[in-house]
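Notes to accompany the following structure.
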Amino acid sequence: MSLHTGSDIPHHLAVIMDGNGRWAKARHLPRAEGHRQGVQALHRLVERAAERGVKVLTVFAFSSENWRRPAAEVNMLMRLFAVALRDWRTRLIDAGVSLRIVGELEPFPEDVKTAIAQTERATAAGTRMRLNVAANYGGRWDMCRAASALAAEGLPITPEAIAQKLATAPDGDVDLLIRTGGEQRISNFLLWQAAYAEIYFSDCLWPDFSAAHLDEALAWYEGRERRFGMTSEQVRGTAG
Ligand code: IPE
Ligand code: IPE
Ligand code: MG
């Protein structure tokens, strides 16, 4: 968390990539096609975010609630995930991006787990930007897991200690959270990490999200005054 009055690029950008299904429906295409195009939009986001100097990018790919979808769609998403992870390896290495999957990985199919481990290992040396892909992730799960880990170690449960045990640690708080697809809700994403995030809602459906859309969100963020509970005068250093 950094104190500033604007003109910064967010250190930690988080994105809820929503609207794949509606994008496909509007084109009379299967939802799967929306998800496939969504992967392309994610490629564009990763490239542009790294170019703009974002250091940590955390994207919501599959929530702990998304298991409730029809089995065919869940299976399709798992296949897409495995393929995307393999296809991405070289691209991420070339871009200097290290990938990490955050979430409860246990229920994923074996080949997906293998693809995750291999891609994480292959990209580990990337220092330009970290890409956290939240898969089977829920903010409540993350917080409970952190508190349980502290309890198991007999440590006091403080905000600082919880922050160090979250799935995204050592990456800190989210500075800017973008949600596409027109909904204005958090859907159990980074509940703890986004406590003081600036939140940008866009009506753009995720597969349409372009570098220009990201630039627009970053320009909006630059104009925000982040006060963290203080007065505007304090933040601007004009307080008496
Ligand atoms: C987001 O798009 C992708 C995932 C949740 C996996 P949706 O699939 O939620 O698209 P809409 O909201 O139905 O349009
Ligand atoms: C949130 O989108 C999860 C992801 C983008 C992966 P959903 O489309 O699942 O969210 P709700 O259920 O409409 O809030
Ligand atoms: Mg949705």
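The values are calculated or read from the model by the stated rules, or taken from the named source; none is laboratory data. Bear in mind that the values here come from a model prediction, so they are computed numbers and not experimental data. No Cβ is skipped: glycine too gets one built from the backbone with ideal geometry, and neighbour counts run over all protein chains shown. SASA here: full protein model, heavy atoms, side chains in, ligands and nucleic acids out. Shrake-Rupley method; radii C 1.70, N 1.55, O 1.52, S 1.80 Å.
Figures for the structure shown
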read-out	value
Those residues of segment 165-186 which are within 16 Å of ligand 2 (Cβ to nearest atom) and either within 14 Å of the chain's Cα centre (by Cα) or closer than 19 Å to Pro10 by Cα (or both), in sequence order	Ala167, Thr168, Val174, Leu177, Ile178, Arg179, Thr180, Ile186
Among (1) within 12 Å of Ile16 (Cβ to Cβ); (2) more than 17 Å from the chain's Cα centre (by Cα); (3) hydrophobic (A, V, I, L, M, F, W, C), the one test that Phe189 misses	(2)
Residues of segment 28-75 satisfying the condition of being under 19 Å from the mean Cα position of the chain (by Cα) and assigned to a loop (DSSP other than H, G, I, E, B)	Gly53, Val54, Lys55, Ser64, Glu65
Those residues of segment 74-112 which are open to solvent by 30 Å² or more (accessible area, probe 1.4 Å) and closer than 21 Å to Leu166 by Cβ, in sequence order	Arg100, Glu104, Leu105, Glu106, Pro107
Matching residues, segment 180-204, being within 16 Å of ligand 3 (Cβ to nearest atom) and open to solvent by 40 Å² or more (accessible area, probe 1.4 Å)	Glu183, Gln184, Arg185, Ile186, Ser187, Phe201, Asp203
Any hit, segment 21-37, residues being in contact with a strand residue (DSSP E or B) (Cβ under 8 Å, 6 or more places away or on another chain), modelled with pLDDT of 95 or more and surrounded by 14 or more Cβ atoms within 10 Å (Cβ to Cβ)	no
